[in-house]
Amino acid sequence: MTNRPAEIDWLEEAFEGGLRITTRRMFGGWGIYGDGLFFGLIAQGTLWLKADALADDEWDRAGCPRFTYSFGPEDAAKAGSMNYRRAPDDALDDPETMRHWATLALEAAARAAASKEKRAKPRRK
């Protein structure tokens, strides 16, 4: 069995069984789900949590950069970003702080899922 990053164990510990954390290996990293919602990932050796426009100001005030990546050949690499923010350093030291930031991420994930579901429903005439 592949060893999971310590950040996943820390999330489980921070929620003390109040949130069912599951994981999946993906793209050389890990996808993190809370009660079935995709709310975090570990990539580039870092914990990233789901964000959206409703909480961007709070993420910005905490100095949490957006997840960025590049793809393609080095000489023609294209850059992109995803709506995930690096978890604040103090979230990895304090369970209450981790719950706060993870809860923001879960709320963003729930809004994203609801929006996706709404778009997927067929319109009635």
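Putting +1 on Lys and Arg Cβ atoms and -1 on Asp and Glu Cβ atoms, find which of Leu47, Ile8, Gly72 reaches farthest to the positive end of the dipole of the chain. Comparing the listed Cα positions along the dipole, Gly72 ranks first.
Before rounding to the nearest 500, sum -39500 (n - 2.57) across all DSSP H runs of length at least 4 in the chain and divide by the residue total; then give [θ] at 222 nm in deg cm²/dmol.
Details: 3 runs with 42 residues, N = 125.
The helix contribution divided over the chain gives -11000 deg cm²/dmol.
Given R0 = 22 Å, the distance between the Cβ atoms of Glu117 and Arg20 translates into a calculated FRET efficiency of 0.60.
When a/c reaches 1.5 or more, the comparison of a/b and b/c decides; with that in mind, is the chain rounded, prolate or oblate per its Cα gyration tensor? Show your work: numbers first, answer last.
Values: a/c = 1.39, a/b = 1.07, b/c = 1.29.
Rounded shape, in that the Cα axes give a/c under 1.5.
With Cβ to Cβ distances under 10 Å as the rule, what net charge do the other residues near Arg20 carry (K, R +1; D, E -1)? Value of the local net charge: -2. Working note: Karplus 6.51/-1.76/1.60 with θ = phi - 60° gives the stretch 13-22 the couplings 5, 4, 8, 6, x, x, 9, 7, 8, 10 Hz, where Gly and Pro are set to x.
Order the peptides 10-22, 47-59, 66-78 from the highest to the lowest mean number of other Cβ atoms within 10 Å of their residues. Each step should come with its number before you reach the end.
Working: 10-22: 15.3, 47-59: 18.9, 66-78: 10.0.
Peptide ranking by packing, descending: 47-59, 10-22, 66-78.
Using a cutoff of 8 angstrom between alpha carbon atoms and counting only pairs six or more residues apart, the relative contact order for the chain works out to 23 percent. Using a cut-off of 12 Å between beta-carbons, work out the net charge of the residues near Trp30 (Lys and Arg +1, Asp and Glu -1, Trp30 not included). For residues surrounding Trp30, the net value is +1.
Can you give the charge dipole size of the stretch 6-120 about its Cα centre, rounded to the nearest 20 debye, using +1 on the beta carbon of Lys and Arg and -1 on the beta carbon of Asp and Glu?
Numbers: 14 positive and 20 negative charges, 158 e Å.
So the dipole magnitude of the stretch 6-120 works out to roughly 760 debye.
Taking the stretch 71-99 and a reference point 7 angstrom along Cα→Cβ of Leu54, the backbone N atoms nearer than 17 Å belong to 83-85.
We did not get these values from a lab; they are worked out from the coordinates using the rules stated. Not measured: the values here are computed from a predicted model. Neighbour counts are summed over all protein chains in view; Cβ atoms, including those assigned to glycine, are modelled from backbone coordinates with ideal geometry.
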